[in-house]
């Protein structure tokens, strides 16, 4: 074996040199620039041409040196890496846009005042530099929290108990049949478009109260829980199923009742996964716009009561600030508010995601000595 | 076999009889009734789902009912429900189809990158980053698409109109704002990409290691190993992830509402015009009253049915493939 | 505490399938009884009927009687949960509760049932149970650590301690050593020999040497073929089963000619 270091080993002969990707990359850049110049030069076009050339030429070179199979392998590898880089572009762009446009307007005024009393004239004055920018998203933040709170309060018990039924109580012939139907319905429910969930909640309350202009925060919560329940069920079901049966049997064998086994052994074992799933479900519905649009209406003032009066949430706030700027002559002010609100929304969602990860980590069953 | 009528006091009723319990003995607490209550609760919660879904269908139908048999000139556009709805359905399907074409290869590619290609240290953070992409609310994608993406794609559309304008889908003149259905579809594609990625990745990672090692042991390259073991194993999963993405793209509202400057049906993808069902509802429902509201709810019902069919198809396909993939062990 | 078990013409079904047919057996208190037999002969299934654990499997049911000191486990109105607190079970693979510490694992039977207990009483129960399972010396300094951090053999003894803590009359063991290395197996076997001073121990094993080492009486189960029910072929003192079996099938099995 040690002699292999002195003469060239048969194991490393016939391989493409390590500098090949760099060379091909440089060539692709130059040729891409030339091609792009032919059809009208542009950075984006150059990047596209260079990228395509690189993905084609690199594997071709590898294939020429190491044989067809290696060439195909390299082609797949380049494509996979390319797909990843391509997917990063919009993410980076979105995050950059929200940060660069949202940060300047993000101040205490944004966080702690509502849009009550803010008119087109106020914004025009601010645009002319006579006054600071008034008006913020406080009412929308409150609305978001209230609506999401009620939605969570309805979805989690229903979702979790349904998952328990599906995993723990679907053994019998009848309950097995019910479980299959429920699983199917949960699948159907997962596919309900968010706007349809909103329409359902709106139609439901219109029917009950016989008032076509019925709008309040709670209707939005109902719409959101229609979206949230299937997510919670799916996740909790998955988490309960990976709890080993041995633990259930061990608990039964100690003379523990089934419901106690479920609440004290099965759920604690799965709790990290379940709660991080719930948090992710909250993060998902907290950004929903369409269902709120058709159920909660839109206001510029603070309303923390989900059961009376119209309500604004962050997503609808963003939407209306963009679609109908407070001052049509100076839409930039409203757009700035929209981006700041978007930043707040993203921060909330990211914090929820982070919390979910933390929960998963902190409460995960401990191992090790 | 096990009735709860207590006949044997030694076992059914009085645990105090047992002399073996001088101190902390652990016998069962409570009675079988608690179990029955708890399982009843779980069943009741499951039935809530049934009721909710029935409610969705019922109330949408009730509120959409006035549309049936209403005279044609009462509808928006004045030519009856069918000619009102078909351009919307067409727009929805076109946008979703383009989004899928964009997102599927990239999504699967990224999933493969995370599961099989990325350096081990990178795989986890990358997965996290893709999850973040999924977590960004659609309204933000919409705002981004309208103000960042749309202006940037105008030159590309001009180019398409100039060189490929003979194709009806690229007929010029291209929109000067970039707010076209193609842009909306690209945004939709970006939005469903993380769905496809995260589901596919999960399945890819479950591919039996033994099979993969067997393939590598036979001298297969990495790509051959992926094709021989990972793809066959994950086929059903990929399809269902794509279908899930399709369902999302069909129902996605805000991205389209903000990005697309809508209008009547237009075969050219790079001009303004076209509209999707969801976006039509979101744009008009807040101000709708009377018959217009019923009409929009009817449109919502149509959208519901379309997504329902897609989901059913997805299940059917998945169930058919499942038996061959070995994934259902 | 230790009770005798009398089984009278017991049949076990999975749905319509007869898994174990017509078992009659008497198990003495304060003894170790081993069930041996080829795979799929129904010995584990039968063992699980002794504390009604088979009911966890949907569709499983039983005909016949299992008497624990004269009380029928399958009598009308008998609560299976109560049965299991008198007939404990140790499983093939060690399965300590991953969310609990070593101490909590031992107290699981009490804690899961929300039984109130003074700190001193709990400490005493933990120590006596762990001592009973020959584990005290090894873990007394890390009672607060998770049970899943122990070695396989220690985990299995922790599971036995957990079972003892419930103060059952009978301890059933379903191949308790099959997932353990030889040294851990030895420790568990030693423990089994000690347990019989206080409990009725029934052990299913694939390892005939183990049966010969630890048990007083041995029951040989066999199956006529796939799809046929398992049956109790022979039940006798262990010495007799291994040295002088009456049945031809038993002789073939213990001499290693099949199975």
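The values are calculated or read from the model by the stated rules, or taken from the named source; none is laboratory data. Only a predicted model underlies this, so the values are computations on that prediction, with no experimental measurement involved. When we count neighbours, we look across all protein chains shown, and the Cβ atoms used for this are built from the backbone with ideal geometry, even at glycine.
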Original post:
For residue A:147, which of the numbered conditions (1) crowded, with 20+ Cβ neighbours inside 10 Å; (2) under 20 Å from residue B:56 (Cβ atoms); (3) within 13 Å of another protein chain (Cβ to nearest Cβ); (4) modelled with pLDDT of 85 or more fails to hold?
Top reply: (3)
**OP:** Looking at (1) surrounded by 17 or more Cβ atoms within 10 Å (Cβ to Cβ); (2) at pLDDT 90 or above; (3) farther than 30 Å from residue C:251 by Cα, find the lone condition where residue C:72 falls short.
**Re:** (1)
**OP:** Only one of these is crowded, with 17+ Cβ neighbours inside 10 Å and more than 28 Å from the chain's Cα centre (by Cα): A:87, A:126. Name it.
**Re:** A:126
Original post:
Where in region A:158-245 are there helices (runs of 4 or more DSSP H), lying wholly inside it, with at least 2 residues that are more than 10 Å from chain B (Cβ to nearest Cβ) and under 17 Å from residue A:306 (Cα atoms)?
Top reply: A:217-241
Original post:
Taking region B:272-313 on its own, how many of its residues are at pLDDT below 85, surrounded by 18 or more Cβ atoms within 10 Å (Cβ to Cβ) and more than 14 Å from residue A:192 (Cα to Cα)?
Top reply: 3
**OP:** With respect to residue B:138, determine if the residue is in contact (Cβ under 8 Å) with a residue 40 or more places away in the chain and within 11 Å of another protein chain (Cβ to nearest Cβ).
**Re:** yes
Original post:
For region C:40-73, what are the residues that are more than 14 Å from chain A (Cβ to nearest Cβ), closer than 28 Å to residue C:226 by Cβ and free of Cβ contacts under 8 Å to residues at least 60 places away in the same chain?
Top reply: C:62, C:63, C:64
**OP:** Considering every residue within region C:145-153, establish whether at least one is more than 29 Å from residue C:208 (Cα to Cα) and either surrounded by fewer than 17 Cβ atoms within 10 Å (Cβ to Cβ) or at pLDDT 90 or above (or both).
**Re:** yes
**OP:** With the checklist (1) at pLDDT 90 or above; (2) under 24 Å from residue A:96 (Cα atoms); (3) in contact with a helix residue (DSSP H, G or I) (Cβ under 6 Å, 6 or more places away or on another chain) in hand, flag the one item residue B:181 doesn't pass.
**Re:** (2)
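Taking region B:162-178 only, how many residues are within 14 Å of chain A (Cβ to nearest Cβ), on the phi < 0 side of the Ramachandran plot and touching a helix residue (DSSP H, G or I) at 6+ places or on another chain (Cβ under 6 Å)?
Looking only at region B:162-178, we keep the residues that are within 14 Å of chain A (Cβ to nearest Cβ), and these are B:162-164, B:178.
Those left that are additionally on the phi < 0 side of the Ramachandran plot: B:162-164.
From what is left, the residues that are touching a helix residue (DSSP H, G or I) at 6+ places or on another chain (Cβ under 6 Å) are B:164.
Final tally of qualifying residues: 1.
Have a look at A:48, A:62 and point out the one that is over 23 Å from residue B:150 (Cα atoms), assigned to a helix (DSSP H, G or I) and not assigned by TED's automatic domain parsing to the domain that holds residue A:345.
A:62
In region B:205-215, how many are assigned to a helix (DSSP H, G or I) and either away from every other protein chain (no Cβ under 14 Å) or surrounded by 23 or more Cβ atoms within 10 Å (Cβ to Cβ) (or both)?
Just the residues of region B:205-215 that are assigned to a helix (DSSP H, G or I), to begin with: B:205-206, B:209-215.
Still in the list and also either away from every other protein chain (no Cβ under 14 Å) or surrounded by 23 or more Cβ atoms within 10 Å (Cβ to Cβ) (or both): B:205, B:209-214.
Total satisfying the criteria: 7.
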Original post:
Can you find a residue in region C:192-201 that is in contact with a strand residue (DSSP E or B) (Cβ under 6 Å, 6 or more places away or on another chain) and in a strand (DSSP E or B)?
Top reply: yes
Subject >> Odd one out for residue A:297, checked against (1) more than 7 Å from every other protein chain (Cβ to nearest Cβ); (2) in contact with a helix residue (DSSP H, G or I) (Cβ under 6 Å, 6 or more places away or on another chain); (3) crowded, with 21+ Cβ neighbours inside 10 Å >> reply: (2)
**OP:** Return a yes/no flag: does region A:317-332 have any residue that is in a helix (DSSP H, G or I) and more than 21 Å from residue B:138 (Cβ to Cβ).
**Re:** yes
Original post:
Hey, any hits in region C:178-191 for a residue that's in contact with a strand residue (DSSP E or B) (Cβ under 7 Å, 6 or more places away or on another chain) and either closer than 30 Å to residue C:116 by Cβ or outside any helix (DSSP H, G or I) (or both)?
Top reply: no
Original post:
For region C:199-218, does any single residue satisfy the condition of being within 24 Å of residue C:104 (Cβ to Cβ) and buried (at least 22 other Cβ atoms within 10 Å of the Cβ)?
Top reply: yes
**OP:** Go through (1) modelled with pLDDT under 65; (2) in contact with a helix residue (DSSP H, G or I) (Cβ under 6 Å, 6 or more places away or on another chain) and name the single condition residue B:5 misses.
**Re:** (2)
**OP:** Might you let me know whether region C:160-175 holds any residue that is assigned to a helix (DSSP H, G or I) and away from every other protein chain (no Cβ under 11 Å)?
**Re:** yes
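For residue A:214, are the conditions met, namely being modelled with pLDDT under 90, over 15 Å from residue A:165 (Cα atoms) and either in contact with a helix residue (DSSP H, G or I) (Cβ under 9 Å, 6 or more places away or on another chain) or surrounded by fewer than 24 Cβ atoms within 10 Å (Cβ to Cβ) (or both)? Before you say what the answer is, go through the steps one by one.
Numbers: modelled with pLDDT under 90: yes; over 15 Å from residue A:165 (Cα atoms): yes; either in contact with a helix residue (DSSP H, G or I) (Cβ under 9 Å, 6 or more places away or on another chain) or surrounded by fewer than 24 Cβ atoms within 10 Å (Cβ to Cβ) (or both): yes.
Yes: the conditions hold for residue A:214.
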Original post:
Can you tell which of A:277, A:309 is modelled with pLDDT under 90, more than 10 Å from chain B (Cβ to nearest Cβ) and part of a helix (DSSP H, G or I)?
Top reply: A:277
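Per-residue answers, yes or no, for (1) buried (at least 20 other Cβ atoms within 10 Å of the Cβ); (2) modelled with pLDDT of 85 or more:
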site	(1), (2)
B:99	yes, yes
B:105	no, yes
B:108	yes, yes
B:137	yes, yes
B:143	yes, yes
B:147	no, yes
B:152	no, yes
B:155	no, no
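Among the residues of region A:90-106, write down those that are assigned to a loop (DSSP other than H, G, I, E, B) and either more than 25 Å from the chain's Cα centre (by Cα) or surrounded by 15 or more Cβ atoms within 10 Å (Cβ to Cβ) (or both). Steps first, please.
Filtering region A:90-106 for residues assigned to a loop (DSSP other than H, G, I, E, B) gives A:103-106.
Scanning region A:90-106 gives A:105, A:106.
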Original post:
Are there any helices (runs of 4 or more DSSP H) wholly within region C:56-156 with 2 or more residues that are closer than 25 Å to residue C:3 by Cα, and if so which?
Top reply: C:80-86, C:108-112, C:119-132
Subject >> Matching residues in region B:162-190 - criterion: being surrounded by 15 or more Cβ atoms within 10 Å (Cβ to Cβ), without any contact (Cβ under 8 Å) to a residue 24 or more places away in the chain and part of a helix (DSSP H, G or I) >> reply: none
